[in-house]
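Asks: Quick one: this structure, given as structure tokens, is what I'll be asking you about.
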Amino acid sequence: MITEEIKDYIRRSVLCWLATSNENNEPNVSPKEMFTYYGDTTLLVAHIASPNTVENIKVNPNVCISFIDVFVQKGYKIKGIARIIEKTDSTYQEKLKVLTDLFSDRFPIRSIIEIEIKKIDTIAAPSYYLHPETTEESQVESAMKTYQVKAIG
């Protein structure tokens, strides 16, 4: 389910956004800095400072996570079923290592949010639809001007 292209976008994305809702169906969207894929059907997200997200998942495990390459302005939206992996879970250390090997262990990871993927959709900036001549290269050039950055090398 998670293709090589999706894995590449996950590696290139600085943040993802995890959407949950509570028992009253009130939405919550929270940025996540430490996230990755685990196999081909699962995502792992570090719970560092997201008590609302965790509480929402406990009452409603349906979630949506999205991430984009901010320069290309494309990415993915993934819907799935989440569960909280606590430190007492037999798989916690193995999954924690996956996250800390990619990022660091300097953050206080309270638990791990594991998402079983059910559906994947692409995300693209409206420019791609409204202006068919739009290319990834033109989006990168525009984003670099907007963010006032230059390519290295």
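Asks: Among the listed pairs Lys74/Lys97; Lys77/Lys119; Lys32/Lys77; Lys95/Lys119; Lys32/Lys79, which have their C-alpha atoms separated by more than 18 angstrom in this model?
Replies: Correct reply: Lys74/Lys97; Lys95/Lys119.
Asks: Taking the Cα centre as origin and putting +1 on Lys and Arg beta-carbons and -1 on Asp and Glu beta-carbons, what dipole magnitude results for the chain, to the nearest 20 debye? Numbers along the way, then the final one.
Replies: Details: 18 positive and 21 negative charges, 55 e Å.
The calculation lands at about 260 debye.
Asks: Oh, and also: Once the Cα gyration tensor of the range 1-40 is found, what semi-axes does its equivalent ellipsoid get, as square roots of 5 times the eigenvalues, in whole Å, sorted largest first?
Replies: For the range 1-40, the ellipsoid semi-axes come out as 25, 12, 7 Å.
Asks: Moving on to the next point. As a test of reading the structure, rank Val149, Val29, Val45 by solvent-accessible area (1.4 Å probe, protein chains only), most first. Please list the in-between numbers first.
Replies: Details: Val149 60, Val29 95, Val45 0 Å².
I get Val29, Val149, Val45, largest accessible area first.
Asks: So how compact is the range 71-136: Cα radius of gyration and Dmax in angstrom?
Replies: Cα only, the range 71-136: 17.4, 53 Å (Rg, Dmax).
Asks: Can you tell me which of Ala143, Ala46, Ala19 moves the most in a GNM of the chain? Springs connect C-alpha atoms under 10 Å apart.
Replies: Highest fluctuation of the listed residues: Ala143.
Asks: So what is the 222 nm mean residue ellipticity for the chain from helices alone, if each DSSP H run of at least 4 adds -39500 (n - 2.57) and you divide by all residues, rounding to the nearest 500 deg cm²/dmol?
Replies: That calculation yields -8500 deg cm²/dmol at 222 nm.
Asks: Sticking with this structure for a sec: With the radius of gyration and the Kirkwood radius both derived from the Cα set of the range 7-127, what is their ratio Rg to Rh?
Replies: 0.95
The values are calculated or read from the model by the stated rules, or taken from the named source; none is laboratory data. All figures in this text were calculated on a predicted structure; none of them were measured in a lab. So basically every Cβ, Gly included, is an ideal-geometry build from the backbone, and we count neighbours across all protein chains shown. Heavy atoms of the whole protein, side chains included, go into the accessibility calculation; ligands, DNA and RNA do not. Shrake-Rupley method; radii C 1.70, N 1.55, O 1.52, S 1.80 Å.
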